[in-house]
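Here is the structure we will look at.
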Amino acid sequence: MTQTPDIEILVLYYSRFGATAHMARHVARGVEEVKHCTARLRTVPPVSATCEAVGEDIPAEGPPYATLEDLRECQGLALGSPTRFGNMAAPMKYFLDQSSSLWLAGALVGKPAGVFTSTATQHGGQESTLLSMSIPLLHHGMLITGIPYTEPALSETTSGGTPYGASHVAGPQGDKPLTDHERTLCHALGRRLARTARALAQGGNE
């Protein structure tokens, strides 16, 4: 009888005012609702227009900064960023731009991935941000999961939530809490990633 392997999903995000970080924690909870699956929560540091500016190696609070080894070691990836003019934020793009060595090695090929984002307004670029975040993951050969319409909250939501990934409308001040539907869809994204990664691992061990 084949033993079910432990599966670790990397939940990697950048958050400026906390909304995306809140989503990341709910995605992680969704991952850990799946048996034998755990979430590794990581963030990325901000970037500066001043070349001499150097940030701390360890954040003052919250999860540690991600390394390329976190990407290499994970069995799946949930990638989150607030939108910046319909695209991912520069700190997340900067981190992904450093992953060429993993691309050359094919280290992420065949691993499932999902994306999530937060915007200030209802039509603030959620879907274009999610799609643009998926592009480098596709170049890495990852399998984009999305959220299927078999999740009732996807049809019922009047706030965030897309088939491309989880999303949240944080409001102009960034202070709106996640709605029940948004929270449900964050959990759904985490569960889908974990179940997909577990199924792929079990198939590989047969």
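Observations, loosely collected:
- Here is the tail figure for the chain: Cα pairs spaced more than 26 Å apart come to 29 percent of all pairs.
- Per residue accessible area of region 70-114, 1.4 Å probe, in Å²: 43
- Here is the tail figure for region 125-206: Cα pairs spaced more than 17 Å apart come to 54 percent of all pairs.
- Neighbour net charge for Thr184 - beta-carbon separation under 10 angstrom, K R +1, D E -1: -3
- Count Lys and Arg as plus one, Asp and Glu as minus one, and take only other residues whose Cβ is under 11 Å from that of Pro63; the net charge is then +1.
- In region 28-126, the chymotrypsin sites (Phe, Trp or Tyr not before Pro) that fall in loop regions by DSSP, at most 15 other Cβ within 10 Å: Phe85
- Among Thr20, Thr119, Thr157, the largest mean-square fluctuation in a Gaussian network model of the chain (Cα springs under 10 Å) belongs to Thr157.
- Distant alpha-carbon pairs in region 14-126 (separation over 22 angstrom), percent: 37
- Rolling a 1.4 angstrom probe over the protein heavy atoms with all chains in place gives region 133-172 an accessible area of 43 Å² per residue.
- Surface composition of the chain: carbon and sulfur make up 53 percent of the accessible area, probe 1.4 Å.
- Estimated translational diffusion coefficient (Stokes-Einstein, Kirkwood radius over Cα pairs, 4 °C, 1.567 mPa s) of region 77-183: 91 µm² per second.
The values are calculated or read from the model by the stated rules, or taken from the named source; none is laboratory data. Every value quoted in this text rests on a predicted model; they were computed, and no experiment measured them. As a convention, Cβ positions derive from the backbone with ideal geometry for all residues, glycine included, and neighbour counts pool all protein chains shown. Just so you know, the surface numbers come from the protein's heavy atoms only, side chains and all, with ligands and any DNA or RNA stripped out. Shrake-Rupley method; radii C 1.70, N 1.55, O 1.52, S 1.80 Å.
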